[in-house]
Amino acid sequence: MQAQMDMRYEARPTACNAWRWILTSILILEIGIGIVLLAVGEPAGAITMFLVCVFLVALFWFVIPRSYAITSRDLVIRLGPPLRWHIPLTTVSGVSRGATWKAFGYWGIRLALSSRAVVEIQRTGRRLNLIISPTEPDRFVEELRAAIDQAPH
């Protein structure tokens, strides 16, 4: 509750229409294969296809970011309910616009949904850096830098 009271800025991730289309296509294909397997008398295969569909939906539900919030102490990445990742601003060493290719290949945690709005967050110590894609990347970088500068150390 504390994070909501001192919220400085909140951003949504960029639209992920391509990801939704890909996921929907895979799910339709999986369901179709399951129906065919059921029709030819392979219930075990049909059950496997159903379980794969459930797994994919759950995976995307819990992993795709819903919003990014900057508070006076944390960067909060809201994933699928009820998951939230609180990153203390004291562990962030830098933030900048990232290269387009980093949305697809990056050594770290990649939560970017678009290559058009890549933001790279560098972290201190041995923590993994991360890539995100807020809708207004330049403003997000500004707001996060300001919050880092004002964060209690």
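Between Ile22 and Ser72, what's the calculated FRET efficiency when r is the beta-carbon distance and R0 is 22 Å? Round to 0.05. Walk me through the numbers before you get to the answer.
Details: r = 38 Å, r/R0 = 1.71.
After rounding to 0.05, the efficiency reads 0.05.
What is the diffusion coefficient of segment 87-149 in µm²/s, taking the Kirkwood radius over Cα pairs and the Stokes-Einstein relation at 20 °C with a viscosity of 1.002 mPa s?
185
Once the gyration tensor of the Cα atoms in segment 17-62 is diagonalised, the equivalent ellipsoid follows with semi-axes of 22, 12, 4 Å, ordered largest first. Please give me the summed charge of the neighbours of Ala99: other residues whose Cβ is under 14 Å from its Cβ, Lys and Arg +1, Asp and Glu -1. Net charge around Ala99: +3. Measuring spread by the Cα atoms of segment 77-116 yields a radius of gyration and Dmax of 12.0, 31 Å.
Over the chain, all Cα pairs binned in 5 Å intervals from 0 give whole-percent P(r) values of 2, 9, 16, 18, 16, 11, 8, 7, 5, 4, 2, 1, 0, listed from short to long. Looking at segment 23-105, the pairs of alpha carbons with a distance over 19 Å make up 60% of the total. Footprinting exposure proxy ranking of Val63, Val141, fewest other C-beta atoms within 10 angstrom first, gives Val63, Val141.
Between Asp6 and Glu142, the contour length at 0.36 nm per residue exceeds the alpha carbon distance by 47.2 nm.
Filter the chain for me: DSSP H helices, axial length by Cα at least 24 angstrom, mean Kyte-Doolittle hydropathy not below 0.5. List them by residue number. Intermediate results must be reported in sequence, preceding the final value.
Working: long enough: 17-39 (33 Å, 1.66); 43-63 (30 Å, 2.39).
TM-like helix candidates: 17-39, 43-63.
No lab work stands behind these numbers, since they all come straight from the coordinates. Everything numeric here is computed off the predicted structure, so don't read it as measured data. Positions of Cβ are backbone-derived with ideal geometry, glycine not excepted, and every protein chain shown enters the neighbour counts.
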